[in-house]
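The values are calculated or read from the model by the stated rules, or taken from the named source; none is laboratory data. These figures come from a predicted structure and were not determined experimentally. Note that we place each Cβ from the backbone using ideal geometry, even for glycine, and neighbour counts take in every protein chain shown.
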Amino acid sequence: MLTRITGLALLFFSSLMGAEQDVLEHIQDDWRQGRLSQAERLFHQWTVLRDANALPEPYRSDRRPVTRIATSVKAEALSLLSSATDDERALLQPLFQRPELPLSLVSPSGRFRVHYTDSGLDAASPEYIQEAAQAFDYAYEVEIGQLGFAPPPADYGVDGPEYDVYVQQLGDYGATTPEQEVAETPQPDYTGWMTMDNDFTHTPTKGLDAMRVTAAHEFFHLVQFGYRGYHTTEHPSAYFYEATATLMEDLVYPQVNDYFHYLPRFFKNPELSFIQFDGSHEYGLAIFFHMLKKKFTSALLPALWEQMKNVDPLEAMNNALLPLGSNFNNELGQFAIWNCYTGSRADTVHFYPEGDHYPEVTVSQALDFDTQLTLDGNLASLGCKYLRIHPQTPGNRLV
């Protein structure tokens with residue numbers, strides 16, 4: 001088929017990496033260089049998120065990012081426990097200890113118990129706790145009642161029959177901790193518990209709005225664990241858990257738009273692999289699932305997670321799309337096209353409904369084209385490069 005070139009952006013897939021150095025990357029680099037064991041890396045990453053002042057001296061002066069990676073850190077740590085040495089287990093065990101907080105409030109629905117204190121560093125006001133309890137109730141109403149996901153498994157009565165939320169002073173938004181494998185089901189699903197920050201003064205979105213989207217995000221991690229704990233998969237999967245949890249923020253609280261903060265880096269680096277997990281890219285990837293929801297309705301979302309019980313994320317997405325007349329490869333190509341229609345090029349009717357608020361994708365190279373154009377370079381899988389082609393002769397066509 002012939003296509004006329006009129007400043008067209010051509011799409012090519014790649015998976016080049018690049019990220020700004022910060023304390024988490026410093027820790028990651030030390031692990032790659034053999035200066036830290038895997039257990040030490042995970043412990044230091046968790047310390048950044050819980051109490052960065054307790055880090056060893058080499059890391060204290062590094063920039064401290066606000067991220068949501070604590071859940072993935074804990075899931076990876078859980079996967080390590082079965083083969084860990086006694087010293088490694090002692091190092092990692094604090095990641096799985098529930099906080100001890102003297103006060104608690106049961107949510108209006110009776111489904112959640114929010115644990116807190118009214119004194120010290122972790123203090124939260126009763127009004128804040130009431131708002132948090134209502135936010136988790138609403139997250140349940142939307143994610144389970146409206147979208148049709150299965151309720152998370154109960155935690156066998158630990159700290160009461162409710163789903164538990166622990167409110168503390170954190171260095172990030174919150175976390176969901178996998179705790180115990182559910183013996184009654186064939187898939188490797190887990191119970192868990194959640195933590196969240198006590199004031200959200202340090203996050204890009206502040207206060208109650210940040211708390212509300214965190215409730216939606218962390219509760220969906222608990223939902224995910226009811227389908228499969230992602231440390232049990234044989235393929236990279238953390239990106240899938242974080243991208244869909246970030247999607248839930250916007251489906252539960254569409255007026256907040258905290259996920260916008262991840263999009264500048266996402267659109268600036270389209271060459272990163274679709275499955276990239278680096279503390280930023282996977283959250284921007286939520287827009288892929290926004291695309292799927294608009295094209296196929298929200299009924300597709302629980303179907304993805306039903307598939308995740310038994311297969312890895314790429315296969316789960318492919319299997320869920322096949323009955324709808326599509327597949328993952330097709331939607332990956334569509335995603336590259338949709339990402340052209342943002343910012344000044346936005347078409348909120350046919351593409352992203354909020355695309356006029358998204359950045360514009362980076363075009364890596366502008367090329368002149370006359371009679372022949374040769375493109376070179378190494379392109380790996382599941383990333384994307386954009387080239388702008390300028391025809392030099394009127395009527396030139398790309399075959």
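Within segment 322-330, one or more residues are within 26 Å of Ile144 (Cα to Cα) and aliphatic (A, V, I, L, M).
Kindly evaluate Ala133 against the criterion of being modelled with pLDDT of 95 or more, outside any loop (DSSP other than H, G, I, E, B) and within 14 Å of Met196 (Cα to Cα). Against the criterion (modelled with pLDDT of 95 or more, outside any loop (DSSP other than H, G, I, E, B) and within 14 Å of Met196 (Cα to Cα)), Ala133 qualifies.
Taking each residue of segment 39-51 that is hydroxyl-bearing (Ser, Thr, Tyr) and looking for partners that are assigned to a helix (DSSP H, G or I) with beta-carbon atoms closer than 7 Å, six or more apart or interchain, yields Thr47/Ala54. Among the residues in segment 275-284, are any among the polar types (S, T, N, Q) and touching a helix residue (DSSP H, G or I) at 6+ places or on another chain (Cβ under 7 Å)? Within segment 275-284, one or more residues are among the polar types (S, T, N, Q) and touching a helix residue (DSSP H, G or I) at 6+ places or on another chain (Cβ under 7 Å).
In segment 376-395, of all residues being modelled with pLDDT under 85 and buried (at least 16 other Cβ atoms within 10 Å of the Cβ), the one that is nearest to Ala366 (Cα to Cα) corresponds to Ile389. Can you name every residue in segment 119-139 that is closer than 18 Å to Thr246 by Cβ and of a type in the set (Ser, Thr, Tyr)? Scanning segment 119-139 gives a single hit, Tyr138.
Could you please let me know if Asp118 is over 26 Å from the mean Cα position of the chain (by Cα) and surrounded by fewer than 14 Cβ atoms within 10 Å (Cβ to Cβ)? So Asp118 fits the description; yes.
The number of residues in segment 319-350 being closer than 25 Å to Ser381 by Cα, free of Cβ contacts under 8 Å to residues at least 40 places away in the same chain and either among the acidic types (Asp, Glu) or not in a helix (DSSP H, G or I) (or both) comes to 4. Find the residue count for segment 170-187, including only residues that are farther than 14 Å from Ala70 by Cα and not in a strand (DSSP E or B). The qualifying residues number 6.
Looking at Ala77, Ala84, Ala133, Ala124 in this structure, which one is surrounded by 14 or more Cβ atoms within 10 Å (Cβ to Cβ), under 19 Å from the mean Cα position of the chain (by Cα) and of a type outside the set (Val, Ile, Thr)? Write out each step before concluding.
Values: Ala84 fails: under 19 Å from the mean Cα position of the chain (by Cα); Ala133 fails: under 19 Å from the mean Cα position of the chain (by Cα); Ala124 fails: under 19 Å from the mean Cα position of the chain (by Cα).
That would be Ala77, the only listed residue that is surrounded by 14 or more Cβ atoms within 10 Å (Cβ to Cβ), under 19 Å from the mean Cα position of the chain (by Cα) and of a type outside the set (Val, Ile, Thr).
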